[in-house]
Amino acid sequence: SRQPIVAIDGPAGAGKSTVARLVADRLGLMYLDTGAMYRAVTWHVLTQEIDPADEVAVAEALANCQIRLATEPATAPGEPGLTRVWVNEAEITQAIRTAEVTAQVSTIAAQPTVRKVLLKQQQEYGTQGGVVMEGRDIGTHVFPAAELKVFLTASVEERARRRQRDLLAQNQPPVSIEALEEAIDERDRKDSTRRVAPLQKAEDAIELLTDGLSIEEVVERIVALFEDRL
Ligand code: C5P
């Protein structure tokens, strides 16, 4: 029988990636960033100069888009390893994090063909279990039988503040809180209203509102929930 699966879903900028990586390290599980896969397809589409709204052209481009992800081991406790991403031969680890990719990814992720192809890859990755998988629809569609489902949220103000801090730490050009809130809201709106596998809390997911909690506190709570159940 398979090893446990932890599903971590939630809106943009709730801190899912950092938390999910740390939880995976703590529990000795693998980690899969499914958002990176949607970002990789988006990068590929934009690089080919295909209109992201052209579903037929996107589906064609998808056919020759080989995505590879590799998460490096933690560098120190509390310092999770980086997930490196490739499409075909090109390493796009940084390129999938640009504002341009971020602005278009929800358009690509709403397309049924894209979701069907990536869903299959994600399910294959989790066949043996033993993984913390992070995204929007893991608990609802990818692994509805996951042993633990967490829905991680934070107020939009808190998420915009965190994003602003991240940009600063990465020496990126400053963006106003208002502009960040607007971009986050817009992406959540698109992700929550699409027809296929919208962002939604699974009925049996545990909602964790992270306003005012440190990363360590959130990780502790999830590890405790896991240990309670298994
Ligand atoms: O998690 P991240 O913000 O990198 O995800 C980027 C985008 O990928 C999301 O805004 C959403 O449109 C899409 N996504 C999705 N389903 C997932 C993970 C991500 O639709 N499981």
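The values are calculated or read from the model by the stated rules, or taken from the named source; none is laboratory data. Nothing here was measured: the structure is a model prediction, and the numbers come from that model. Cβ placement follows ideal geometry from the backbone for every residue including glycine, while neighbour counts extend to all protein chains displayed.
Out of (1) under 28 Å from Val114 (Cβ atoms); (2) modelled with pLDDT of 95 or more; (3) part of a helix (DSSP H, G or I); (4) away from the ligand (no atom under 13 Å from the Cβ), the odd one out for Ala145 is which? Single failed check for Ala145: (3). Among the residues of segment 4-23 satisfying the criterion of being at pLDDT 95 or above and farther than 21 Å from Asp204 by Cα, which is farthest from the ligand (Cβ to nearest atom)? Looking at residues that are at pLDDT 95 or above and farther than 21 Å from Asp204 by Cα, I get Leu22.
Considering (1) over 16 Å from Leu32 (Cα atoms); (2) touching a Pro at 6+ places or on another chain (Cβ under 7 Å), the lone condition that Gly129 does not fulfil carries the number (1).
From the residues in segment 24-52 that are away from the ligand (no atom under 14 Å from the Cβ) and assigned to a loop (DSSP other than H, G, I, E, B), which one is nearest to the chain's Cα centre (by Cα)? Filtering first and then ranking leaves Leu29.
So which residues in segment 47-78 are within 30 Å of Leu27 (Cα to Cα) and hydrophobic (A, V, I, L, M, F, W, C), if there are any at all? Before the answer, list the steps.
Start the filter on segment 47-78 by keeping residues that are within 30 Å of Leu27 (Cα to Cα), which leaves 66-78.
Scanning segment 47-78 gives Ile67, Leu69, Ala70, Ala74, Ala76.
Looking only at residues in segment 160-192 that are within 11 Å of the ligand (Cβ to nearest atom) and basic (Lys, Arg), the one that is surrounded by the fewest Cβ atoms within 10 Å (Cβ to Cβ) is Arg189.
Quick check on this structure: which one of Ala76, Ala99, Ala7 is under 21 Å from Gln122 (Cα atoms) and not hydroxyl-bearing (Ser, Thr, Tyr)?
Numbers: Ala76 fails: under 21 Å from Gln122 (Cα atoms); Ala99 fails: under 21 Å from Gln122 (Cα atoms).
Unique residue meeting the criteria: Ala7.
Listed by first and then second residue, the pairs with beta-carbon distance under 6 Å, at least 6 apart or on different chains, first residue in segment 88-110 and away from the ligand (no atom under 12 Å from the Cβ), second at pLDDT 95 or above and not hydroxyl-bearing (Ser, Thr, Tyr), are Asn88/Gln66; Ile92/Trp43; Ile92/Val85; Thr93/Arg84; Thr93/Val85; Ala95/Trp43.
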